[in-house]
Each structure stands twice: as C-alpha cells, then as structure tokens.
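Just so you know, all these numbers are worked out from the coordinates, no wet-lab data involved. If you're wondering where the values come from, they're calculated on a predicted model, not measured in any experiment. When we count neighbours, we look across all protein chains shown, and the Cβ atoms used for this are built from the backbone with ideal geometry, even at glycine.
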C-alpha cells in the first residue's frame, strides 16, 4: 500500500513545509531556517519562503496538507514523494503551506493513522483550504464552520486490495474504507489519473473527481543526472526497475521474462532498486530461474545513486499491474530512457510513448524488451518523445493545475488565480485515454 506510504528579501510569506533540499533543492527564493515541534497533536517542520513576484500580490494563500504517510521514500513511497513535491511547488509559487503530520508514532501504522485523524477532530483549522492525502482528513472532511476540504486520493486503496493477501489485504481493506469515507465527505476529490477517477466512482460511489497528474522537479533531476554520471555499459544491455516489492508491481513476471531473454540477449543485465515484503520470495524465484549472475539487487539507494542507475540503464521496465499514476515513469522519462511497461491501470495514461506489454505475460514483456534491444532507432525515438512528454508534468505546471482545480471549492482563490496558474492549466495537455495513444508503433 501507499503505506498503511536565511533571510527573505522583499515581500515574504511564511510557509510551513517538510522539504529536503539535498534531494530536490530549495526554492531559489527560500532557505530552511529551523525545525521545531509545536505543542499540539501534530509535528510541523517550518520553512521560510518568500513569494516570487507574480504580479498578484494578494494571491498568497494558506493551505494545510494533512497526512500520516511516513515522511521518507522507503516507507511512504510515491505518495510521500508526490505530496512533498506538490507542497514545495505551491511554496515556490509564494503560497503558505503547512504539512500537518502525526507527532505520536505507534508501532502499527494503522493505529498511528487512526490516532492522528481522531485527534484532528479537536483542532481548529483556519487555512483557505485543508487538503487530506488518501484516507487522512476523513475526521474533519465535511465539518461545519471549517475551511473547504479537498480529498487528494493518490492511489485508490480499494483498487489495490485485490492484488494482496493475508494481513496486507486485510489492512488495505480497512484503510480503503477510511479513504472512501474521506472521499464521500470532502468538498472536492482530486486524483492523479482518469483511471483513479473511474475507480473512485466505481468503488467509493463518488463522481466528478478532478484529475491533476503527479509531478516531477525536472530542474532537480537534471542536476542529479549531470552530477552523477554513469554512461551505459556498451558491453551490456542493462534493464532497470525501481519499485517497492509488492505482488502488484509485477517483478515475478519481469524475472520470468529475463529467464526467457538471457539467451536472446547474451549481455543482459537486470538491476533492481527497492525493497519490500516480497524480497525473500523474489530472491528465491531468481535462484530457481538461474538468474543470480545477471540480476543485481541494489536495495534502497540514495537519490544520487538512483540518478546514476538511470544514467547507466539502456531501458527502464516496470510491469506493474496497479498504478494510480507511477512517478518512477516520470523519472525514467526525465532520464531519457525508453520504457517497457504493461497495459494496465493508469500506466497507458502516463507512458504515452513506450512499449506496453500484456499484463502478467512474461512472453509479451520479453518481446517488448527484445524489440528495443534490436532497434536502437526506436530506443532513441521513444527516449526523445518521453523527454518531451515529461515537460507536462513539471512541478511548476502541475502546481498551477492543482490551484485551478481547488479554486472550484475555495472562494478565496476563485477569480484570483495568477497568470502562471492560468497558463499552466491551459497549456498542459490532458491525460489521454488509453484508446487515444499509440505505444511505440
């Protein structure tokens, strides 16, 4: 599951946000000044940022994000990355953003989430809007005399349940009920793909969810790629995958495809970044398929090392069966890597130029990889097209889309959007329906 995952100059605005400049870089107009715990049931890390000169001085709004998702990539996964980037993008635009997180962490994430949300009932919120991530915020959504509340559903938990078993399935099912309650009570639901919007309607009975895609800080990633060079090994054909190890990520299918390819692609190398519950089982499958010599398990790596791995790879492959979006696809696009994925969930909306195989079909996946191996021109074409596609998901543009979306229910924003937000909303191409996309043909 996502995981149940200085001195200001000129005009200034105070934003409370949990940034990580070492990974993504500060706003060019901001510095981290201090970190403190407040004497209330949340932990807030503060950053002082001052607004860029937007030409609309009154457009400094206070937004409060509410999330219990662990504040690191290892446990919070893509949900954490997406939330942090969106918050940072809004801060860069001159808004005041406060990320409200649990101060008390219990051994069990479910207990932490429930305690956090129930404690929120006693808190007064005075922002222009509150934004709950996934299930978080269900206890205050729809409350009278409170700011408008937006449910930001990153990846529909109710959809992920079907891919799990045992305790993980039971836990996901419980969290999905909280997420459904959150979506039904909210003034607006925002979600990253058409696929998610359809699943929210089908599983939670909530219509009209607004699609605002996930985002990527292209400037930060380009800096990382330049600072961590590692040219592709001309003696090897390196395939990279990056994910948490859950059944729905399709790594078993990838290993089976690699077994079929080792004779077709004599210099095949598969490098796997990540960790998770399936690690032990996947290592066993790897050994059973006699792949230990070509598969490299890298574990969790730093952002600099990850950039190096993207630079080293010839192809990026993630045969995930259930993605609400898939931020790693944006990273691969930014790195200029051709992508092999599967035609499932939101993947066709994100991977507009790539090879899409049939889900849970090792032979189809292998065919997609070998097609790129045999056709360098196709690799270059897809890489170039993906670099162009990813521009639509840059943090600046998506932050503008988000503000345009929530303006529907936030009176203080309606009619006051600055030019950059309007142009972002108009200039970004909508996510295409799968039937509208040709994949590497």
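In plain terms, the C-alpha convex hull of the stretch 218-391 casts an average shadow of 8.8 nm² when viewed from every direction. Neighbour counts of other Cβ atoms within 10 Å put 358, 288, 88 in the fewest-to-most order 288, 358, 88. Taking other C-beta atoms within 10 angstrom as a stand-in for reagent exposure, 264, 253 fall in the order 264, 253, fewest first.
Counting other Cβ atoms within 10 Å as a rough exposure proxy, the listed residues 340, 190 run 190, 340 from fewest neighbours to most. Our summary gives the stretch 218-391 a relative contact order of 26 percent, counting only alpha carbon pairs under 8 angstrom and 6 or more residues apart.
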